[in-house]
1. What number of residues in the stretch 21-33 are hydrophobic (A, V, I, L, M, F, W, C), over 16 Å from Val74 (Cβ atoms) and touching a strand residue (DSSP E or B) at 6+ places or on another chain (Cβ under 8 Å)?
2. I'm trying to understand the selection: among the residues of the stretch 71-102, which are in contact with a strand residue (DSSP E or B) (Cβ under 9 Å, 6 or more places away or on another chain), in contact (Cβ under 8 Å) with a residue 24 or more places away in the chain and within 19 Å of Glu143 (Cα to Cα)?
3. Within the group Thr90, Thr125, Thr151, which residue is part of a helix (DSSP H, G or I), hydroxyl-bearing (Ser, Thr, Tyr) and either at pLDDT below 95 or under 13 Å from the mean Cα position of the chain (by Cα) (or both)?
4. For Glu72, only one of the following conditions fails: (1) surrounded by fewer than 17 Cβ atoms within 10 Å (Cβ to Cβ); (2) under 18 Å from Ile149 (Cβ atoms). What is its number?
5. What tally of residues in the stretch 93-106 results from selecting those that are crowded, with 17+ Cβ neighbours inside 10 Å and part of a loop (DSSP other than H, G, I, E, B)?
6. State all residues of the stretch 4-61 that are in contact with a helix residue (DSSP H, G or I) (Cβ under 7 Å, 6 or more places away or on another chain), over 19 Å from Thr247 (Cα atoms) and part of a helix (DSSP H, G or I); if no residue qualifies, say none.
7. Name the single residue, out of those in the stretch 107-122 being part of a loop (DSSP other than H, G, I, E, B) and touching a residue at least 40 places away in the same chain (Cβ under 8 Å), that is nearest to the chain's Cα centre (by Cα).
8. State all residues of the stretch 1-37 that are among the charged types (D, E, K, R) and modelled with pLDDT of 95 or more; if no residue qualifies, say none.
Amino acid sequence: MFWGKKHFEFKDIPDLTGKTAIITGANTGIGRVCALEMARKGCKIILACRTEAKTLPVIENIKKETGNAQLEFVALDLMSLQSVKNFVETIKSRNEKLNILLNNAGVGLCPFGLSEDGIETQFATNHVAHHYLTTQLLPLLEENTPSRIVTVSSLAHHAVSNLNLENISDPKSYNRFSHYGKSKAANILFTRELARRCKKKGVENIYVNCNHPGAVRSDFTRHLLGAVLTKIYDALVTVTTEDGALTQLYLATSPEVEDKDVKGQYYVPYGEAGAISSFTNSDENAKQLWNFTEDLLKEKINGYQGSPI
């Protein structure tokens, strides 16, 4: 196994009674594990997912397993900025408390496609929608400090040396592998710039971080490599969904994050600080991406006035 000793395990998640978390993509994979384990600790979970029919059975299973009835589905399609806007309006209209935002959902290595707003699928889902969602929910997180924002990135960001933003949605320049890496580099740049802006504003108690969950075991590698090579790959490289959830659970819940004042950082399995690429370590690249994304949102969303920070 590539990763070392576990610095953080499920048993280390503190009591979350009275806390409310939004988890995108919480009906499957590591998002589902996060919802389950946080529910065990008394957290109210809003499962922000695209399909109600696929999410409600997950909610019922978690309720039965944990005895926690504070789970609900609110529709969120990250391929539609209007859906993100509707989601935020729903949360705000209910005067919902919010302590933890876990930007967990993502897509990877897709054939070329465009979102409802004409943005390349991976960039739209993994970065743009989460940027919009996070900044619009920021006032709620400020009202309920100390609060956490965790965005799931990937080791794949290390392969990126340029986002080529002006051509990000051009089919002629599309490569499913490099565009996935670009979207994950964007997650880190967004995290760093948001943390910087919070500090500049004097917001001290929002802990904004991102993580690489590990290469989570799935059927994807079986299609790529075949059964025999997949067994070897899984033994040496991949982690289970349970282990894959640990690092984002650490950043979302561990008291150490506040004790050590962890902000704007990138963590790897299992709850350890990781090294980022020189490209994502650039403040200038982070600001450039932020400005590009804000301009894109103003272009795509009628009446958008910009982020509150």
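1. The first filter runs over the stretch 21-33 and keeps only residues hydrophobic (A, V, I, L, M, F, W, C), leaving 21-23, 26, 30, 33.
Still in the list and also over 16 Å from Val74 (Cβ atoms): 30, 33.
Now drop any that are not touching a strand residue (DSSP E or B) at 6+ places or on another chain (Cβ under 8 Å), which leaves 30.
Total satisfying the criteria: 1.
2. Phe87, Ile91, Glu96, Lys97, Leu98, Asn99, Ile100, Leu101, Leu102
3. Working: Thr90 fails: either at pLDDT below 95 or under 13 Å from the mean Cα position of the chain (by Cα) (or both); Thr151 fails: part of a helix (DSSP H, G or I).
The match here is Thr125.
4. Going through the list (1) surrounded by fewer than 17 Cβ atoms within 10 Å (Cβ to Cβ); (2) under 18 Å from Ile149 (Cβ atoms), Glu72 breaks only (2).
5. Qualifying residue count, the stretch 93-106: 5.
6. Hit for the stretch 4-61 is Val58, nothing else.
7. Let us first name the residues in the stretch 107-122 that are part of a loop (DSSP other than H, G, I, E, B), namely 107-113, 115-119.
In the following step, the residues that additionally are touching a residue at least 40 places away in the same chain (Cβ under 8 Å) were identified as 108-112, 117-119.
Numbers: Gly108: 13, Leu109: 17, Cys110: 18, Pro111: 21, Phe112: 22, Asp117: 20, Gly118: 22, Ile119: 18 Å.
Ranking the qualifying residues of the stretch 107-122, first place goes to Gly108.
8. From the stretch 1-37, those among the charged types (D, E, K, R) are 5-6, 9, 11-12, 15, 19, 32, 37; that's our starting set.
Listed by number, the residues that qualify are Glu9, Lys11, Asp12, Asp15, Lys19, Arg32, Glu37.
The values are calculated or read from the model by the stated rules, or taken from the named source; none is laboratory data. Fair warning: this is a prediction, and the values are worked out from it, not measured in the lab. Here the Cβ is made from the backbone with ideal geometry for all residues, glycine too, and neighbour counts use every protein chain on show.
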